[in-house]
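Worksheet: the structure to be examined is printed underneath.
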Amino acid sequence: MANAQVFEFQAETKKLLDIIINSIYTNKEIFLRELISNSSDALDKVRFELTQGKEIYQKDLPLEIRIEIDNKDKALIVKDSGIGMTKGEIIENLGTIAKSGTEEFLKELSKGDKKVDTIIGRFGVGFYSVFMVAKEVEIRSRSARIDAKAVLWRSDGMGSYEVQELDQEMDRGTLIKVYLKDDSTYFLGKEKLKSIIEAHSNFISFPIYVDSEKVNTIPALWKEPKFKIKQEQYIEFYKFLTHDPEPPLDYVHISVDAPVQFSSIVFIPKKSIIIFDTISDEYGLDLYVNRVLIQKKNKELIPQYLGFLKGVVDSPDIPLNISREAIQENRVIQTINSTITKQVLRKLEEIWEKDKDKYNSFWREHGKVFKLGYTDFQHRDMFSKLIRFNSSRCEDESGLVSLEDYVNNMKENQTEIYYISGNDRKSIENSPYLEAVKDADIEVLYLFEPIDEFLLQAISEYKGKKFKPVEHADISKIKGKTKESSPEDKKRIDELVAKIKQVLKDRITDVRISSRLSQTPVCLVSSTGSMSSQMHKIIQMINKDTSVPKQVLEINPEHSLVKNLCSMLKKDPKDKLIDHIIEHLYELALLQNGYLPNINDMAKRSYDIINKRGEFYLRLNEK
């Protein structure tokens, strides 16, 4: 280049270039994002100058970014009509990295556990990423100053660069010509370029053209005033963002100036994407800084239980000179997370108040994920209002009640919220634990999923009402006084209790009269009274424990089978059939609780009982 001055890159710039050129990148296309971002910054600067009424070269030039494909030279051209650079500015901006925090950048890289492309764009060194794909870069720039000259900058990124002022005129702005390496010529494809722009730079506020076709046709809606946006625009934006053909169930548009400045639109999809009941760890909102995509699906922007949300967050307050791990711990992100969480919970509460069918639709689709909010103690009250369960008051398994509904329907002297767990409504309704509460018309929450009990234990209570497994409920307090047994009946029951303890020995912890049974002869309940049988089984499964727990055996003194046992015991305390029946009742109670007794022993006893019954009828017929 005749009359050109040759400069050596600053020492730390050389080191940076060497790292960029020789490192293995997972995503080379990031270079285009950085060049477009630089062009956008240049356009912002000239627009500001114009609004200040300053003298600007070619002040009527449209503010835009144009990308052209030069197949002949195997080069990519990125040009803008921005502020441009003088000779001194081009040397300062492209020859050194004095303002870019290079020492911190290199310090992060030296840790050895980061890919360079996870940090590019956060340190103001984005331009140098072009050398991932370029064997040579040529820049022509014309400053917006009236008296400035065009300047040419050229380098192969190997240690030096050339700069020369040009005599010929050019339009205001900067033109970058990237001569591509042989392994990077696929960037000459128009569709490839369009896909990169749509992924990373679609919401730049200036028009971007690829070979005269405008690419960024969808505006950054989150930056627009809410009162100017039509419903159709939100739907169009959602479909562009998610590729979901259905419109969203609802959305929240957030604009906050303090304590952190950020804009966001989050959508609640109509349909869940849970596959095979597995909650995906791939969730989060797209993070932008000044309309430029920094990270897809940033999980730190929302809690996991709101992982069904789709949307974007844009904040100029997010520091870009830190690593990805530090961003996740950043207070700005935490503040954004908390604000979005509150706004979404308020929106869900609003949906419930205005359209209960719509809210129930949300719950059926996203309830499995939403239940994970039991760990969010900061928003526990808001969360508790929004959870739903099936209950004994519902007509079928599809019905839903809120905790507010339950509390409003509680009996006058009821002090606890009762629940029972099971695989489905049919199996729950056949549970002996429900017999007394059904007779007393007491509502019980039906829990169909393992997480439900963890949820209730975590939130502990609602409006001062504690949650309690119905198998541990003292229903007598609500039912009132029950019929007292005669002294003779009481004596018979006491003798049967003693006999049961003698037969079952240490397989049970106690035998007691039940206040919960009305149709079933016996049942087993936890001896501690703090954990339901279902929860105990879940914990056993987690610990791979197959043992049968020791529980309390409760007996129903009004059941005909129990009365018959009392009669048999009075007639002949040594009758072996009594032992068989007690063993059999215990095993049936185990089965009802989901525990499998010794099948062979149980089968043998069943045969003996049937045989004894047959012999009894034969004796009757002989008489």
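The values are calculated or read from the model by the stated rules, or taken from the named source; none is laboratory data. Computed from a predicted model, the values in this text were never measured in an experiment. Ideal geometry is used to build each Cβ from the backbone, glycine not excepted, and the neighbour counts take in all protein chains shown.
Has the stretch 552-565 got any residue that is part of a loop (DSSP other than H, G, I, E, B), buried (at least 20 other Cβ atoms within 10 Å of the Cβ) and not aromatic (Phe, Trp, Tyr)? Step through it out loud before you land on a result.
As a first pass, look at the stretch 552-565 and keep what is part of a loop (DSSP other than H, G, I, E, B): 556-559.
Of the ones still in play, those that are also buried (at least 20 other Cβ atoms within 10 Å of the Cβ) are 556.
Next cut, not aromatic (Phe, Trp, Tyr) only: 556.
So far as the stretch 552-565 goes, yes, one or more of its residues are part of a loop (DSSP other than H, G, I, E, B), buried (at least 20 other Cβ atoms within 10 Å of the Cβ) and not aromatic (Phe, Trp, Tyr).
In the stretch 245-281, what count of residues is obtained for those that are in contact with a strand residue (DSSP E or B) (Cβ under 8 Å, 6 or more places away or on another chain) and outside any strand (DSSP E or B)?
3
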Query raised in the report: Are any residues in the stretch 501-528 assigned to a loop (DSSP other than H, G, I, E, B), farther than 14 Å from Asp474 by Cα and charged (D, E, K, R), and if so, which ones?
Result: none
Query raised in the report: For the stretch 460-515, how many residues meet the condition of being under 49 Å from the mean Cα position of the chain (by Cα), of a type in the set (Asp, Glu) and either buried (at least 18 other Cβ atoms within 10 Å of the Cβ) or modelled with pLDDT under 85 (or both)?
Result: 2
Report task. Please enumerate the residues belonging to the stretch 577-623 that are under 47 Å from the mean Cα position of the chain (by Cα), assigned to a helix (DSSP H, G or I) and modelled with pLDDT of 75 or more. Result -> Leu585, Tyr586, Glu587, Leu588, Ala589, Leu590, Leu591, Gln592
Query - Single residue of Phe203, Phe237, Phe187 found to be touching a residue at least 24 places away in the same chain (Cβ under 8 Å), within 21 Å of Ala42 (Cα to Cα) and surrounded by 19 or more Cβ atoms within 10 Å (Cβ to Cβ) - result: Phe203
Report summary line: Scanning the stretch 319-336 for residues that are at pLDDT 50 or above and surrounded by 19 or more Cβ atoms within 10 Å (Cβ to Cβ), the one nearest to Leu386 (Cα to Cα) turns out to be Ile336
Query raised in the report: List pairs: first in the stretch 378-399 and surrounded by fewer than 17 Cβ atoms within 10 Å (Cβ to Cβ), second part of a strand (DSSP E or B) and of a type in the set (Ser, Thr, Tyr), Cβ under 9 Å, 6+ apart or cross-chain?
Result: Lys385/Ser402; Lys385/Tyr462; Cys394/Tyr446; Glu397/Tyr446; Gly399/Ser391
**Report entry** Residues satisfying the stated conditions in the stretch 263-318, i.e. without any contact (Cβ under 8 Å) to a residue 12 or more places away in the chain and either of a type in the set (S, T, N, Q) or surrounded by 20 or more Cβ atoms within 10 Å (Cβ to Cβ) (or both)
**Finding:** Thr278
Query - Matching residues, the stretch 142-154, being under 19 Å from Phe31 (Cα atoms) and crowded, with 23+ Cβ neighbours inside 10 Å - result: Trp153
Report summary line: Restricting attention to the stretch 31-60, the residues that are of a type outside the set (Gly, Ala, Ser) and farther than 27 Å from Leu188 by Cα number exactly 16
